[in-house]
Amino acid sequence: MHKSRFLAGIALLALSASGCGLATASPERGVMVPAEPTLIDFVDPATVVGLSMQTLTEGHSLRGGYAHINYPEFAGATALNDELRAQAERQLRDFRARTRNVEPMSPRPELNVDWQLAAASPEAVAVRLRTGEFQGGSWGNSTRTSWFDPRTGKAAGSTGLLSGKAALERLAALVREQLKERGNEVRSDDVRAGGDAFDSMAFNRDGDLVVEFDDCQIGACSLGRLAVAVPAGQVTPLLSALGRQAQTSAREARPAGDTPHFTPANSPDAVSNQAGSVDCATAKCVALTFDDGPGPYTGRLLDLLKDGQARATFFAVGSNVTAQPALLRRMSMEGHLVGNHSWAHRDLSKQASSKIADSLGKTGDAVSAVIGQSPTLVRPPYGAVSQQVRNVSREMGLALVNWDVDTEDEHGGKAEDIADRAVQGAQPGAIILMHDIHRETVDAVPDILTRLRGKGYTFVTVPELYGSAGMQAGRLYRSGNELPGKQPLT
Ligand code: NI
């Protein structure tokens, strides 16, 4: 049942082709790419039926670091889902162990995992996880690509594209040859068949095998991403059955050109960025805010809000937006407001202005492509704000929104406790922080709506709290009852 849904999705994708849409057919911005052949045409996740998002987070306690791990899950690809989940849990556990005893410090250590689809066809599925870790003042990035064979139901690492150990040895030799041409800047002799040197491989559109290396793995860290494309003619004899399937599907996939994808909802019902009609100067208002989605429970949350006739503000993560545009479209159509929560949930306060602008701009574009409007509010990941974040937000026309009531739901917890914290913390003008990536949070919502409504509250979107005074780009808001002109410090 699940399998047929998954395969139907893959078949649909084969028809619509890959390499098109929002997050695809272009290299990651800000990544140094040495040569065109090492580009991979990433598949637009919105074209894959049965794909949902999973997120692991950490970061509200005073000690330790910030962590945000995002990865996809596919209906019918159990072995791949298990592998991705195990890897995410391992990464979070290792990061916790490394940062557990770290004294509170600024900037905090941070782990961030984002993903792309390097393949998604009836022959092969590949998830490329990009891990960034911030330790001791700088980011180190690494990639890992996990493969799945829909024909056998088996998952494999990138070396599963090759027919065996001898093929891997031969590939290592081919890669060393290419790297030697770059002279001394690259330590080509460090490229060995063992270890994890070949843990991130995928095919480009010509069927060449792109082998990616982590920052600092075989050259100076300042070189950034290093990758080699081994020509199809050399690599084809080395491939396993899965490798051949993956190579064929990469060659067949072409940017779709005029293939329709996301249809912007330019409907009059799309009220996303318009303030609602509630006058919070007279009504008792509260703004529920949901961060980090859309996720697996967002659809149910939208049902509950609809039943309870409540509007909310969703601060969406850009990479989730591209994966689940239908949920975003629903938010907009049902009168909720969509805000910007950055592309991959990295702490913006320790990023340069160009990276902040890139992350917010990409997310704004993704939201706009789905609902026809770009967000005017941004919630900075972890609530962390720097002067650069304020400046960039001002230039981009975005008001910054934090919260004054924290339901402390980031680790799930009990629904009753989440509801109690929301209800007890509420006061007129409150901005309540929640996360729609947790089942328990969504479970708490009916109780929150009933109890707060019983106290006379109306549920509004964040801009409604500020009424005709409006919200100013670049300013940080925490609550609707801050005194006018008073600028909170962060
Ligand atoms: Ni968040």
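What follows draws every value from the coordinates through simple rules; no lab data is involved. Being a predicted model, the structure only gives us computed values, none of them experimental. So basically every Cβ, Gly included, is an ideal-geometry build from the backbone, and we count neighbours across all protein chains shown.
The residues neighbouring F148, those whose beta-carbon lies less than 11 Å from its own, together hold a net charge of -2 under the Lys/Arg +1, Asp/Glu -1 convention.
Quote the FRET efficiency, to the nearest 0.05, computed for A281 versus E416 with a Förster distance R0 of 41 Å and r equal to the Cβ-Cβ distance. Between A281 and E416 the formula returns 0.80. The phi torsions of the stretch 368-375, fed into the Karplus equation with coefficients 6.51, -1.76 and 1.60 and a -60° offset, translate into couplings of 4, 5, 8, 10, x, 9, 8, x Hz, rounded to whole numbers, with Gly and Pro shown as x.
Seen from K284, the other residues with C-beta closer than 12 Å to its C-beta sum to a net charge of +1, counting Lys and Arg as +1 and Asp and Glu as -1. Mean sequence separation of contacting Cα pairs (under 8 Å, at least six apart), scaled by the length of the stretch 268-477, corresponds to a relative contact order of 32 percent. For the stretch 268-477, what does the alpha-carbon gyration tensor say about shape, rounded, prolate or oblate, given a ≥ b ≥ c as the root eigenvalues, a/c under 1.5 as rounded, and a/b over b/c as prolate? Since a/c stays below 1.5, the shape of the stretch 268-477 is classed as rounded.
Each label was represented as a point 7 Å from its Cα along the Cα-to-Cβ direction; for R300 and R93 these points are 2.6 nm apart. Only lysines eight or more places from K154 in sequence, or on another chain, were considered; those with a Cα closer than 27 Å are K3, K165. Here the Karplus relation 6.51 cos²θ - 1.76 cosθ + 1.60, evaluated at θ = phi - 60°, turns the backbone of the stretch 178-193 into coupling constants of 5, 5, 4, 5, 8, x, 6, 5, 10, 8, 5, 5, 6, 7, 10, 5 Hz, with x for every Gly and Pro.
Remark: the R439-S368 segment gains 22.8 nm on full extension, using 0.36 nm per residue and subtracting the alpha carbon distance. Within the straight-line cut-off of under 21 Å between alpha carbons, the lysines reachable from K455 are K284, K306, sequence neighbours fewer than 8 places apart in one chain being disregarded. Measuring nothing but how far apart in sequence close Cα pairs (under 8 Å, 6+ apart) lie, relative to its length, the stretch 60-194 scores a relative contact order of 19 percent.
Straightening the chain between A469 and D189 buys 94.4 nm, computed as 0.36 nm per residue apart minus the Cα-Cα spacing.
Compared with the direct C-alpha span, the chain from S222 to W139 gains 28.8 nm at full extension, assuming 0.36 nm per residue. Of the peptides 234-240, 436-442, the ranking by mean beta-carbon count within 10 Å, highest at the top, reads 436-442, 234-240. What does the charge count near S222 come to, summing +1 for each Lys or Arg and -1 for each Asp or Glu among other residues with Cβ under 11 Å from its Cβ? Residues near S222 contribute -2 overall.
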